[in-house]
Amino acid sequence: MATFTHPPDPELDDRVARIDPAIDLVAEIRRLLHERDAIFLAHYYQESQIQDLADVVGDSLALAQAAARARKQTILFAGVHFMAETAKILNPDSVVVVPDLRAGCSLADGCPAADFARFKAQHPDHWTVTYVNCSAQVKAMSDIICTSSNAVAIVKAAPRSQKLLFAPDRYLARWVIRQTGRDDMVFWPGTCIVHEIFSAQEIAALQVAHPGARVIAHPECDEPVLALATFIGSTSALIDHVKSSSTREFIVATEPGVLHQMQKVAPGKTLIPAPAQGNCSCNECPHMRLNTAEKVYLALRDLTPRVEVPEAIRVEALVPIQRMLDFSARDRTPPAGD
Ligand code: SF4
C-alpha cells in the first residue's frame with residue numbers, strides 16, 4: 001500500500017473488536033440496509049467483498065448521482081471522504097455515513113482551502129476548473145467541477161480567450177493540456193500518492209514478458225506511464241474499454257480494486273495490475289483500504305460516523321457541481337469520477 005500512516009482510532013478499533021463473532025455479517029448488513037432505508041454505494045477501488053455487498057458500484061460522481069436518484073433516508077458511502085461529501089452536497093436531507101472517517105485522499109488533503117484561496121487570488125481573471133477530488137470548501141471556490149472523463153470536454157468548451165486554472169492534480173492537468181492544446185492553463189501541483197507511484201520501467205519489463213498485453217492507464221499517472229498506454233481514461237472508461245476491446249490481455253495502471261469489476265464484465269480476459277516502484281503493493285490506496293465489511297456493519301448499525309457539510313458551503317459547492325452535471329447532460333458525456 002502507498003506509504004501513508006493514518007492517526008490511530010482506538011474507539012473504532014474497540015467497536016470492531018466487540019462485534020459479536022457469531023453474527024452473520026452479510027445478513028446483518030442486508031437487514032440494516034432495509035431497516036435504515038439505506039442505499040449502499042461503493043467505489044471501484046474498494047475491496048471485492050465490499051463491492052459485492054453494495055447496491056451500486058461506480059466512480060464518485062456516478063455514485064453521488066445514484067444517491068440523488070435513490071431518495072433514501074440513509075446513504076452508506078464506502079469510498080473516501082470527498083466522495084461522501086459530494087453525496088451529502090447533492091442529498092442534504094439524507095444521513096450520509098462512512099465506514100471510516102479517516103479515509104481521505106492525497107489530492108484533496110494536498111489542496112487546503114486557505115492555500116487554494118491564495119492561489120486563486122494570484123490568478124484573479126482565471127476561470128477555475130476543479131477536479132472532483134477536493135474538499136467541499138475548495139469546490140465552493142470553483143467555477144466548475146470536472147471528473148477525469150469530462151475534464152477534456154469542459155476545458156475544450158471554455159472560450160480560448162478565457163484564462164483557466166486547474167486543480168488539484170498536476171498529472172491530470174498536463175494530460176488535459178496535451179489533449180486540448182491549452183498550454184496557458186495554470187495548475188495546482190497536487191498528486192495522487194497511488195497513481196504517481198507506478199513504475200514505467202517495471203511496466204515496460206512486463207510488456208516484454210507479455211508481448212500481447214496492452215497498457216491502459218488512469219490520467220492521474222505520471223507522463224512516462226501514460227506514454228506507454230494505448231488507452232487512457234477514468235475508471236469507468238477503463239472498465240468499458242476492457243469489456244469492448246478485442247485485446248485479451250491488459251496491464252492496468254490504476255488502483256487494483258478496479259480489477260474486480262473488470263473481471264466481472266470481461267471474465268475471459270487476463271488483467272495484470274501495473275507494478276509500483278520497487279514492486280511494493282503501493283498501488284493500493286491506503287485510504288480506500290481502511291474500509292472493511294466490519295466497519296460497514298458498524299456504520300449502518302450505529303449511523304456513525306456521519307459526513308456533514310456546513311449549509312453555507314454546501315450551497316456554494318452545489319453550484320459548480322450542478323454546472324458540471326448540466327454540461328455533461330448537454331455534452332451527452334456520462335460524468336465519471338476518480
Ligand atoms: S487513489 Fe489517489 S486520488 Fe483516489 S482516493 Fe486514493 S489517494 Fe485519492
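Quick notes on this structure:
- Choice from Asp20, Asp184, Asp52 showing the highest fluctuation, given a GNM over the chain with Cα pairs closer than 10 Å: Asp20
- Once the C-beta distance of His210 and Asp55 is scaled by a Förster radius of 30 Å, the resulting FRET efficiency is 0.25 to the nearest 0.05.
- Two-decimal ratio, the stretch 184-325, of alpha-carbon radius of gyration to 2.2 N^0.38 Å: 1.27
- A Förster radius of 35 Å, combined with the Cβ-Cβ distance separating Leu303 from Ala121, puts the computed FRET efficiency at roughly 0.30.
- Calculated FRET efficiency for the pair Asp14/Val186, C-beta based, R₀ 30 Å, to 0.05: 0.05
- Comparing His260, His195, His34 in a Gaussian network model of the chain, where Cα atoms under 10 Å apart are tied by springs, the biggest mean-square fluctuation is seen for His34.
- Size descriptor for the stretch 195-279, Kirkwood hydrodynamic radius: 12.4 Å (Cα pairs only, one decimal).
- Between Arg248 and Ala27, full extension at 0.36 nm per residue minus the direct alpha carbon distance yields a gain of 75.9 nm.
- The stretch 142-204 - convex hull of alpha carbons, volume per residue in Å³: 103 Å³
- Highest-fluctuation residue, Ala266, Ala209, Ala38 considered, GNM on the chain with Cα pairs under 10 Å: Ala209
- Contact order, relative form, for the stretch 195-279: 35 percent (alpha carbon pairs under 8 Å, 6 or more residues apart, mean separation divided by residue count).
- Charge dipole of the chain (Cα centre as origin; +1 on each Lys and Arg Cβ, -1 on each Asp and Glu Cβ, all else neutral): 1020 debye, rounded to the nearest 20.
- Peptides 133-139, 228-234, 156-162 ranked from most to least packed, by the mean per-residue count of other Cβ atoms within 10 Å: 133-139, 228-234, 156-162.
- With the simple model of a label 7 Å out from the Cα in the direction of the Cβ, Arg330 to Thr230 spans 3.7 nm.
- Near Pro305, once Lys and Arg are set to +1 and Asp and Glu to -1 for all other residues with Cβ below 13 Å from its Cβ, the sum equals 0.
- Prolate/oblate/rounded label for the chain (Cα gyration tensor, a/c 1.5): oblate
- Label-point gap, in nm, between Glu223 and Gln73 - each point 7 angstrom along Cα→Cβ: 5.4 nm
- Our estimate of slack between Thr270 and Glu294, defined as 0.36 nm per intervening residue step minus the Cα-Cα distance, is 5.5 nm.
- Cut-off 14 Å between beta-carbons: net charge of the residues surrounding Ala266, Lys and Arg +1, Asp and Glu -1: +3
- Taking Cβ atoms as reference points and 13 Å as the exclusive limit, the residues near Arg36 contribute a net charge of 0, counting Lys and Arg as +1 and Asp and Glu as -1.
Laboratory data are not the source of any read-out in this text; all were calculated from the coordinates shown. Everything numeric in this text was worked out from a predicted model, so none of it was measured. Positions of Cβ are generated from backbone atoms using ideal geometry, with glycine treated the same way; all protein chains shown enter the neighbour counts.
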